[in-house]
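Beneath this line is the structure, given in structure tokens, with notes to follow.
The values are calculated or read from the model by the stated rules, or taken from the named source; none is laboratory data. Computed from a predicted model, the values in this text were never measured in an experiment. For neighbour counting, all protein chains shown are included, and Cβ atoms are generated from backbone atoms with ideal geometry for every residue, glycine included.
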Amino acid sequence: MHSDQLILALDMPDDREALSWVDRFSGRIGYFKVGLQLFTAYGPPLVREIRQRGAKVFLDLKLHDIPNTVAKAVESVCQLDIQMLTLHTLGGRSMMEAAVRAASGHPQTTLLGVTVLTHLDDDDLRVLGFDHSASGQVLHLARLAKEAGLCGLVCSPQEVRHLRQQLGADLILVTPGVRPEGSAADDQSRIATPAEAILNGSNHVVIGRPILKASDPSAMIDSILGA
């Protein structure tokens, strides 16, 4: 596994701690994920600070609103020179198409469609009123995202192989819900190891707590990259 395939989730409440992880591992980790917790607290200045350090940013906001609102948000965050940005495919085709148009002037930013969150399983989807299984819903939304012009998707490791078979090799697939062998599942339901995810066709894997909580994070990263 190449270091550029590894995304470290900066799931923490403090910007100084987040930047310390960037400073420590920017040469060995491809991207750093800034999610809702950090972005809500520290916003664009933190993203700019990470970029000024030369690190790539995966901004995980899962944008989901009416098309015009999402388009304006995409225009705003693309100004931060981010490399990846998530939006929720349940916003529909017109929303995704509006996002693609808004990002068209920023080729450095890849829009990723989030399909089914990795903590949800078949029973959860039934409770929510969906007729599909989790894997069926993922494929349905993934096809819709590709038709809308998105270049990538976020999906669990259990759906990666099927999406590759059904949608081809061009889509960028980013996989959360990845846990190194022996790690706790935490709040994820559809999980796999990093090696399994890459073998099944994932371009990038997102890992947070197994690295952040490791007694020796550097050794954990070595283990993941060497798998």
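Below are the figures for this structure:
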{"quantity": "Members of the stretch 20-41 found to be outside any loop (DSSP other than H, G, I, E, B) and under 19 Å from the mean Cα position of the chain (by Cα), listed by number", "calculated": "TRP21, VAL22, PHE25, TYR31, PHE32, LYS33, VAL34, LEU36, GLN37, LEU38, PHE39, THR40"}
{"quantity": "Residue in the stretch 148-188 that is farthest from ARG209 (Cα to Cα), counting only those that are among the aliphatic types (A, V, I, L, M), more than 13 Å from the chain's Cα centre (by Cα) and modelled with pLDDT of 85 or more", "calculated": "ALA148"}
{"quantity": "Out of LEU80, LEU59, sole residue that is under 22 Å from GLY208 (Cα atoms) and in contact (Cβ under 8 Å) with a residue 24 or more places away in the chain", "calculated": "LEU59"}
{"quantity": "Verdict on THR69 being in contact (Cβ under 8 Å) with a residue 12 or more places away in the chain and among the polar types (S, T, N, Q)", "calculated": "no"}
{"quantity": "Pair list, Cβ under 7 Å, 6 or more apart: the stretch 203-227 residue free of Cβ contacts under 8 Å to residues at least 12 places away in the same chain, other residue crowded, with 18+ Cβ neighbours inside 10 Å", "calculated": "ALA214/MET220"}
{"quantity": "Filtered residues of the stretch 94-143 (kept if charged (D, E, K, R) and farther than 30 Å from ARG51 by Cα)", "calculated": "ASP121, ASP122, ASP123, ASP124, ARG126, ASP131, ARG143"}
{"quantity": "Neighbours by Cβ (under 6 Å, 6+ apart or cross-chain): first from the stretch 149-163, part of a loop (DSSP other than H, G, I, E, B); second among the charged types (D, E, K, R) and modelled with pLDDT under 95", "calculated": "SER156/ARG190"}
{"quantity": "Qualifying residue in the stretch 125-134 (condition: under 22 Å from GLN83 (Cβ atoms), without any contact (Cβ under 8 Å) to a residue 60 or more places away in the chain and buried (at least 16 other Cβ atoms within 10 Å of the Cβ))", "calculated": "no"}
{"quantity": "Hey, LEU19 aliphatic (A, V, I, L, M) and either touching a residue at least 60 places away in the same chain (Cβ under 8 Å) or surrounded by 14 or more Cβ atoms within 10 Å (Cβ to Cβ) (or both) or not", "calculated": "yes"}
{"quantity": "Residues satisfying the stated conditions in the stretch 42-87, i.e. part of a loop (DSSP other than H, G, I, E, B) and among the charged types (D, E, K, R)", "calculated": "ARG53, ASP65, ASP81"}
{"quantity": "All positions within the stretch 192-207 that are outside any helix (DSSP H, G or I) and either modelled with pLDDT of 85 or more or crowded, with 22+ Cβ neighbours inside 10 Å (or both)", "calculated": "ASN200, GLY201, SER202, ASN203, HIS204, VAL205, VAL206, ILE207"}
{"quantity": "Of all residues making up the stretch 92-141, the number that are in a loop (DSSP other than H, G, I, E, B), polar (S, T, N, Q) and out of contact with any helix residue (DSSP H, G or I) (no Cβ under 7 Å at 6 or more places or on another chain)", "calculated": "3"}
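Conditions tested, residue by residue: (1) over 14 Å from ALA9 (Cα atoms); (2) of a type in the set (Gly, Ala, Ser).
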position: ASP23; (1), (2): yes, no
position: GLY35; (1), (2): no, yes
position: PHE39; (1), (2): no, no
position: GLY43; (1), (2): yes, yes
position: ARG51; (1), (2): yes, no
position: GLY54; (1), (2): yes, yes
position: ASP60; (1), (2): no, no
position: LEU63; (1), (2): yes, no
position: ILE66; (1), (2): yes, no
